[in-house]
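The values are calculated or read from the model by the stated rules, or taken from the named source; none is laboratory data. Just so we're clear, the structure is a prediction, and the values are computed from it rather than from any experiment. Cβ placement follows ideal geometry from the backbone for every residue including glycine, while neighbour counts extend to all protein chains displayed. Protein only, heavy atoms only, side chains kept; ligands, DNA and RNA dropped before computing areas. Shrake-Rupley method; radii C 1.70, N 1.55, O 1.52, S 1.80 Å.
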Amino acid sequence: MQTYVHKTAAERRAEIQARASSLGIDEDYISLLVESFYNRIRKDEILGPIFAAEITGDWGPHLTKMKQFWSSVALNSGSYSGRPVPAHQKLSGISPEHFDRWLMLFRSTLEETAPSQEAIGYFMERAERIAESLKLAMFGHLEIPTRNT
């Protein structure tokens, strides 16, 4: 019989941070990842115009927010307190394919910048989960056909 050992939030956070650190993931890498990724997004012919319509002028606040987001996702830092679902639901002209494009660009950025091969998988697992969650919130279950009654 397996016994469950309850861990405190601080213990769990320390474990997550140690795992990430063993892969070369830290705040400096997250900053590099976010800066590199959004540089790529801005130049992309499909996603660039969507982001440009929402982020006019200074990208600094958005990049700071995304660094906090990815720090929270990858390091369990707790530095992000936003609400990504409502932020994405208010966008118009978005399709599920846009999330696929986002994931492709995110992967290629990781492949060029990641401190280790394992870090790519670490981030992609989380990015794919996030993309699926946002697609579900915005578009519902895409694989389940709707009935016309």
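Would you list ARG42, ARG19 from the most to the least accessible area, probe 1.4 Å?
Values: ARG42 95, ARG19 125 Å².
Descending accessible area places them as ARG19, ARG42.
Quick one: net charge of ALA18's neighbours, Cβ under 12 Å, K/R +1, D/E -1?
Local charge sum for ALA18: 0.
How much length is gained if the chain between MET138 and ARG19 is pulled fully straight, taking 0.36 nm per residue apart and subtracting their Cα-Cα distance, in nm to one decimal? Walk me through the intermediate numbers first.
Numbers: separation 119, 0.36 × 119 = 42.84 nm, distance 3.21 nm.
Roughly 39.6 nm would be gained on extension.
Rank ARG83, ARG129 by accessible area, highest first, at a 1.4 Å probe radius? Spell out each step's value before the answer.
Values: ARG83 170, ARG129 135 Å².
If we order ARG83, ARG129 from most to least accessible, we get ARG83, ARG129.
Do any of LYS43/LYS67; LYS43/LYS65; LYS7/LYS67 go past 22 Å between their Cα atoms, and which? Write out the running numbers ahead of the final one.
Details: LYS43/LYS67 19 Å; LYS43/LYS65 20 Å; LYS7/LYS67 27 Å.
Too far apart for the 22 Å limit: LYS7/LYS67.
What accessible area, in Å² to the nearest ten, does a 1.4 Å probe give for ASP28?
Here the residue's solvent-accessible area equals roughly 120 Å².
Across region 38-49, in residue order, what do the Karplus-derived ³J(HN,Hα) couplings come to in whole Hz, using 6.51 cos²θ - 1.76 cosθ + 1.60 with θ = phi - 60° and x for Gly and Pro?
Computed from phi, the couplings for region 38-49 are 6, 5, 5, 4, 4, 8, 6, 5, 8, 7, x, x Hz.
Please give the calculated 222 nm ellipticity per residue for the chain, where each DSSP H segment of at least 4 residues contributes -39500 (n - 2.57) and the sum is spread over every residue; nearest 500 deg cm²/dmol?
On the way: 7 runs with 102 residues, N = 149.
When only DSSP H runs of four or more count, the value is -22500 deg cm²/dmol.
What whole-number distance in Å separates the alpha-carbon centres of region 8-43 and region 62-115?
With region 8-43 and region 62-115 each reduced to a Cα centre, they are spaced 12 Å.
Run the quick spin-label model on LYS90 and GLN2: label points 7 Å from Cα toward the beta carbon, then report their separation in nm to one decimal.
Modelled inter-label distance: 4.3 nm.
Which of these values of Cα extents along the principal axes in Å was calculated from the structure shown: [x] 50, 34, 27; [y] 208, 26, 8; [z] 50, 45, 28?
[z]
Excluding ligands and nucleic acids, what accessible area in Å² is computed for SER95 using a 1.4 Å probe, to the nearest 10?
Counting only protein heavy atoms, SER95 exposes about 30 Å² to solvent.
Would you kindly find the accessible area of THR64, with a 1.4 Å probe and non-protein molecules such as ligands, DNA and RNA excluded, rounding to the nearest 10 Å²?
Looks like 70 Å² after rounding.
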